[in-house]
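Some notes on the structure that comes next.
No lab work stands behind these numbers, since they all come straight from the coordinates. Everything quoted here is computed from the prediction, not taken from an experiment. Here the Cβ positions follow ideal geometry from the backbone for every residue, glycine too, while neighbour counts run over all protein chains shown.
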Amino acid sequence: MVIVAGSIIVDPGQRAAYLADCVSVVEQARRTSGCLDFSVSADLVDAGRIVIFERWESQAAVEAFRAGGPSDEQRTAILAASVAEYDVAAVRTLT
């Protein structure tokens, strides 16, 4: 399993529009083979921060989905980013 997690920073005044533009990407990702979870959401404390969280069955699934990457408009809106991929060797369910 691969987890992609981190955050991006956009202008606080542009965050709502950025997130609205991400709706179709989230919907597409969730329909993609190998996607276990995909979320792009507003941080509850920082008005310019957007939280990224994804879970994928494999690195191949991540790479197949990422072929295009963010749109030019999204890339331009990102002021800073700190997102990483993590290879998961084991999972413990918390209930």
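Checking each residue in region 43-57 for being under 12 Å from ILE9 (Cβ atoms) and out of contact with any helix residue (DSSP H, G or I) (no Cβ under 6 Å at 6 or more places or on another chain) picks out ASP43, ASP46, ARG49, ILE50, VAL51, ILE52. Among the residues of region 54-77, those that are within 18 Å of SER24 (Cβ to Cβ) and surrounded by 15 or more Cβ atoms within 10 Å (Cβ to Cβ) comprise GLU54, PHE65, PRO70, GLN74, ALA77. Considering only residues in region 78-95 that are surrounded by 12 or more Cβ atoms within 10 Å (Cβ to Cβ) and within 23 Å of ALA20 (Cβ to Cβ), the one that is nearest to the chain's Cα centre (by Cα) turns out to be VAL83.
Would you call ASP46 loosely packed, with under 14 Cβ neighbours inside 10 Å and more than 24 Å from ALA90 (Cβ to Cβ)? Even if it seems obvious, please write down each step before you answer.
Numbers: loosely packed, with under 14 Cβ neighbours inside 10 Å: yes; more than 24 Å from ALA90 (Cβ to Cβ): yes.
Answer is yes for this residue.
Pairs linking a residue in region 83-95 that is in contact (Cβ under 8 Å) with a residue 40 or more places away in the chain to a residue that is not in a strand (DSSP E or B), with Cβ atoms under 6 Å and 6 or more positions apart or on different chains, are VAL88/MET1.
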